[in-house]
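Below: the structure, in C-alpha cells.
Every number here is computed from the coordinates shown, using simple stated rules; none is lab data. Keep in mind it's a predicted model, so treat the numbers as computed, not measured. Counting neighbours? That spans all protein chains shown, and the Cβs are built from the backbone with ideal geometry, glycine included.
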Amino acid sequence: MKYQTLSMIASCLKILTWVAVVVGVFGSIRLGIIATTLPSAVIFLLGGFFLTAVGASILMATSKIIYLFIDIEEELSEIAKLVKNEPKD
C-alpha cells in the first residue's frame, strides 16, 4: 500500500471520533446533572449532545474523505496501468 500514513491517520480519526462521542455524552450528562436549574440542565444536555454529534460527524467525515482519496488513487493507478499496457491501433 502506497499511502500507509494516510490510512493510519484515517484510522486514528475513527478512534478519536468514538472517544469524542463517549467524552461528549458523559460530559453533557455531567453538566446536565450539576446545573442549578431545570432549563439550564436541559440546555446543557441537549446542547452538549448536539455539539458532540456535530464534532463527531466532522471527524468521521474527514476520516471517510481520506479513505475515499486513497481508494481513488488506487483505482486511477490501475486504470493508468491498463491504458499503458493496451496495444495501440
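The table below gives the values:
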read-out	value
Exclusive hit being on the phi < 0 side of the Ramachandran plot and either surrounded by 13 or more Cβ atoms within 10 Å (Cβ to Cβ) or assigned to a loop (DSSP other than H, G, I, E, B) (or both), set Ile65, Ile33, Ile72, Ile29	Ile29
Options Leu45, Leu31; residue that is in contact with a Ser or Thr (Cβ under 8 Å, 6 or more places away or on another chain) and not aromatic (Phe, Trp, Tyr)	Leu45
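This table checks each residue for (1) under 20 Å from Thr62 (Cβ atoms); (2) surrounded by 15 or more Cβ atoms within 10 Å (Cβ to Cβ).
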position	(1), (2)
Met8	yes, no
Ile15	yes, no
Ala20	yes, yes
Thr37	no, no
Leu46	no, no
